[in-house]
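Colleague: Before I ask anything, here is the structure I am working with.
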Amino acid sequence: MMQAGVTLDIQPDSQALAVQAADFIAAQVRAKPTLSILVATGNTPMPTYAELGRRAARGDIDFSRVTAVQLDEYLGLSDHDPRSLWGWMERSFVTPLGIRQSIRLADPAAFEADIAALGGIDLAILGLGPNGHLGFNEPPSPPTAPTRVLALTPASLESNRAYWGELSVPTHAITAGMNVILSARAVLLLVNGAHKRDILRRTLEGPETPDVPSSLLRRVPLTVIADEAAWT
Ligand code: PGA
């Protein structure tokens, strides 16, 4: 039995997950064309973004008034570094969807001021770190953790290695704070694969604790779309 405010939607596989997630996001954009979206990179949301890109290319949905807000970034990279998460968000989300306005995460205070000027985050699209991190809010991260610079944990350095082949994973990052994530009007958490099963159970059924930052999402209107491998 899920907590009030939490919806868990299990889909047979990652493609069905992507279609369901795209439906969810498209419905929000239709209801509010100026939606502000906090945008995760990582492997999990990529099929969802590709599905949204196809719908935008067909003219089924118009993202031109949406604002994309960057969730996290490595420190110490040049703008053209292939590991830039800004670049990944641009390639996978902003450009294919035809989004014209984005907020970049570079300076914590300026970033939080930009979000306030925008009227807050309407929708946070998040992946689930194997250690329960959200963005780079590494455990422990209390609900008040602000947007900040931090050192990545060994678990995150290891999981991020999958993205960059021969290139090293930067050791430090900047992340939108738990304060930003938990004040989103809605959160969509996407979870794919058997390797996420344990952390998804702890997210939804374990104690709400800063030691599992994702468990704190149960305080906000939360929709989890997972594939069967991640739940059953
Ligand atoms: P993934 O990353 O979508 O590539 O599994 C999630 C995360 O580490 O935040």
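Colleague: Can you pull out the residues in segment 202-229 that are within 20 Å of residue 140 (Cα to Cα), touching a residue at least 24 places away in the same chain (Cβ under 8 Å) and either in contact with an Asp or Glu (Cβ under 7 Å, 6 or more places away or on another chain) or not in a loop (DSSP other than H, G, I, E, B) (or both)?
Modeller: 202, 203, 204, 213, 214, 215, 216, 217, 218, 219
Colleague: OK, next. Residue pairs, Cβ under 9 Å, 6 or more apart or interchain, first in segment 159-181 and touching a residue at least 12 places away in the same chain (Cβ under 8 Å) and over 12 Å from residue 138 (Cα atoms), second assigned to a strand (DSSP E or B) and within 12 Å of the ligand (Cβ to nearest atom). List them.
Modeller: Every condition considered, the pairs that remain are 181/126; 181/134; 181/137.
Colleague: Here's another thing I want to ask about it. Being in contact with a strand residue (DSSP E or B) (Cβ under 6 Å, 6 or more places away or on another chain), outside any loop (DSSP other than H, G, I, E, B) and hydrophobic (A, V, I, L, M, F, W, C) is the filter here; which residues of segment 114-138 pass it?
Modeller: The answer is 118, 123, 124, 125, 126, 134.
Colleague: Six or more apart or on different chains, Cβ under 7 Å: which pairs go from a residue in segment 108-134 that's on the phi > 0 side of the Ramachandran plot to one that's of a type outside the set (Ser, Thr, Tyr) and within 16 Å of the ligand (Cβ to nearest atom)? Could you list them?
Modeller: Close Cβ pairs satisfying both conditions: 132/139; 132/199; 132/202; 132/212; 132/213.
Colleague: Mind listing whichever residues of segment 185-232 are crowded, with 17+ Cβ neighbours inside 10 Å and polar (S, T, N, Q)?
Modeller: Listed by number, the residues that qualify are 192, 203, 214, 215, 223.
Colleague: Take residue 36 and decide whether it is touching a residue at least 12 places away in the same chain (Cβ under 8 Å) and in contact with a helix residue (DSSP H, G or I) (Cβ under 6 Å, 6 or more places away or on another chain).
Modeller: yes
Colleague: Continuing with the same structure: Among the residues that make up segment 185-202, is at least one of them away from the ligand (no atom under 16 Å from the Cβ) and among the polar types (S, T, N, Q)?
Modeller: No: zero hits.
Colleague: Is segment 182-199 home to any residue that is in contact with a Lys or Arg (Cβ under 8 Å, 6 or more places away or on another chain) and modelled with pLDDT of 95 or more?
Modeller: Within segment 182-199 (the criterion being in contact with a Lys or Arg (Cβ under 8 Å, 6 or more places away or on another chain) and modelled with pLDDT of 95 or more), the answer is yes, since at least one residue qualifies.
Colleague: Which residues, taken from segment 22-62, are small (Gly, Ala, Ser) and under 19 Å from residue 11 (Cβ atoms)?
Modeller: 22, 26, 27, 40, 42, 50
Colleague: Return yes when residue 176 is surrounded by 21 or more Cβ atoms within 10 Å (Cβ to Cβ) and closer than 26 Å to residue 109 by Cα and no when it is not.
Modeller: The answer is yes for residue 176.
Colleague: Ok, one more. Considering only segment 171-191, I want to know if a residue exists there that is touching a helix residue (DSSP H, G or I) at 6+ places or on another chain (Cβ under 6 Å) and more than 22 Å from residue 121 (Cβ to Cβ).
Modeller: The answer is no; no qualifying residue exists.
Colleague: Now for a different question. Quick test for you: out of 159, 141, pick the one residue that is in contact with a Pro (Cβ under 6 Å, 6 or more places away or on another chain), of a type in the set (S, T, N, Q), crowded, with 16+ Cβ neighbours inside 10 Å and in a loop (DSSP other than H, G, I, E, B).
Modeller: 141
Colleague: What's the number of the condition residue 91 fails, among (1) in contact (Cβ under 8 Å) with a residue 12 or more places away in the chain; (2) within 16 Å of the ligand (Cβ to nearest atom)?
Modeller: Just one mismatch for residue 91, condition (1).
The values are calculated or read from the model by the stated rules, or taken from the named source; none is laboratory data. Remember, predicted model here, so these are calculated numbers, not experimental data. For neighbour counting, all protein chains shown are included, and Cβ atoms are generated from backbone atoms with ideal geometry for every residue, glycine included.
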